[in-house]
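The values are calculated or read from the model by the stated rules, or taken from the named source; none is laboratory data. What you see is a predicted model; the values in this text were computed from it and never measured. Positions of Cβ are backbone-derived with ideal geometry, glycine not excepted, and every protein chain shown enters the neighbour counts. When the accessible area is computed, the model is the full protein with side chains, heavy atoms only, and any ligands, DNA or RNA have been set aside. Shrake-Rupley method; radii C 1.70, N 1.55, O 1.52, S 1.80 Å.
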Amino acid sequence: MNSRDFTTKEENGQITAVQSTSYWTVDKGGMLITGNVDGQDILEFSSKPIKNKSALVKWALEVFY
């Protein structure tokens, strides 16, 4: 699994990353990440603010893969 397996978008101040059927969403500059992984809703905090799409993907890779 690597960053090329994700699609990302930034819209209305929110960053979203999608990988297969899983997704993660965070307010730009925020630390509270919501989403759905393998059919289970998630609510997680990052250790530092997520400021761009690549930071969200990096976080998802570290935490879930």
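General observations
- For Asp5, the solvent-accessible surface with a 1.4 Å probe is about 70 Å², rounded to the nearest 10.
- Between Ser3 and Asn52, the modelled label-to-label distance comes to 0.8 nm, taking each label 7 Å out from Cα in the direction of the beta carbon.
- The label point for Glu10 and the one for Phe45, both projected 7 Å from the Cα toward the Cβ, are 2.5 nm apart.
- Stretch gain in nm, segment Leu61-Met31, where the contour uses 0.36 nm per residue and the Cα spacing is subtracted: 9.2 nm
- The heavy atoms of Ile42 present about 30 square angstrom of accessible area, all protein chains included, probe 1.4 Å.
- Each Cα pair under 8 Å and six or more residues apart adds its separation to the average, and for the chain the resulting relative contact order is 28 percent.
- Taking all protein chains as shown and a probe of 1.4 angstrom, Lys58 keeps an accessible surface of around 120 Å².
- The residues Leu61, Leu32, Leu43, Leu56, sorted by heavy-atom accessible surface at 1.4 Å with ligands and nucleic acids left out, run Leu43, Leu32, Leu61, Leu56 from largest to smallest.
- An ellipsoid equivalent to the chain, defined through the eigenvalues of its Cα gyration tensor, has semi-axes of 16, 13, 12 Å when rounded to whole angstrom and sorted largest first.
- Heavy-atom surface of the chain, accessible at 1.4 Å and reported per residue (Å²): 66 Å²
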